[in-house]
Amino acid sequence: MANFVNQKGDRINSITIPNSQDVRIGLWGFKESKDGPDLKILTSPYLQVSVAEEKGDTRFYRIYGYHPGNWQLDAIDHTGGTWDKLTVTVEEKRPQAGYIPHNVLTAAKASKRKWGVPASIVLAQWILESNWGQAMPKESNNPFGIKAVGDQPRVSAQTEEEKDGVRYTIKSPFRKFESISDAFNEHGKLLATQGQYARAMKLAGDPDAFADALTGIYATASNYGTVLKGLMKRYNLREHDAD
């Protein structure tokens, strides 16, 4: 019988890992056969598992979780028999400055592929508009401040606007999305298809120029483009444009 163990060799039935961080666990008692390794790991699509090293009768695996929730690892032999199970809980990391969640990165890159909006711009807007995901309208999944129109699902929240150099706060209806990926897709579609952003889209190869072209159009703040450019530089967001 194979057992999951920690690095001290203690048998474990469950582990908890922080979202988007690696944890190493061992599988003790594996054997080799003419059909190949006696044991292999089956997992959910939300966990990445790779062999890290082998020490004696223990094979150590590196587990990477990027989707919060509870998952299960199964160790099976070459006959298809299940040898052991391990419950994996992936903790959702609280939004904080400097941390871009995996689902946000994935959504930004998907927007670039589908709509042509630079991922660096999308991520900079996500940081600025939602304060690293901390300041979205409650239960909206809307980090970009996209307003609701017609009969679109909505939530009401306070927002800050600027006119003639004067900043003021008003209450506005914001679009409610089923998921973060839906919001990123709608954001990309908005920039790629709405006439007021046509000039910006022509500058998609130059994120700095793209940011400047959004000033006074996407947001009323007179320094909007400058702030976006600062975020792209400080957090090296342009590296994500290459993916």
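The values are calculated or read from the model by the stated rules, or taken from the named source; none is laboratory data. Since the structure is predicted, the reported quantities are computational estimates derived from the model, not experimental observations. Virtual Cβ from ideal backbone geometry, glycine too; neighbours counted across all protein chains shown. Just so you know, the surface numbers come from the protein's heavy atoms only, side chains and all, with ligands and any DNA or RNA stripped out. Shrake-Rupley method; radii C 1.70, N 1.55, O 1.52, S 1.80 Å.
Of all the listed residues (ILE146, ILE170, ILE217), the sole one being more than 22 Å from VAL104 (Cα to Cα) and touching a Phe, Trp or Tyr at 6+ places or on another chain (Cβ under 8 Å) is ILE217.
Within segment 10-36, take every residue that is surrounded by 13 or more Cβ atoms within 10 Å (Cβ to Cβ) and on the phi > 0 side of the Ramachandran plot and give me the one that is modelled with the highest pLDDT. Looking at the filtered set, the residue picked out is GLY29.
Listed by position, the strands (runs of 3 or more DSSP E) inside segment 52-107 whose residues that are open to solvent by less than 30 Å² (accessible area, probe 1.4 Å) and at pLDDT below 85 number at least 3 are 58-65, 69-77. Filtering segment 110-129 to residues that are in contact (Cβ under 8 Å) with a residue 24 or more places away in the chain and either small (Gly, Ala, Ser) or more than 18 Å from LYS229 (Cα to Cα) (or both) leaves ALA110, SER111, LYS114, TRP115, GLY116, ALA119, SER120, ALA124.
Of all the residues in segment 183-233, those that are hydroxyl-bearing (Ser, Thr, Tyr) and closer than 23 Å to ALA148 by Cβ number 5.
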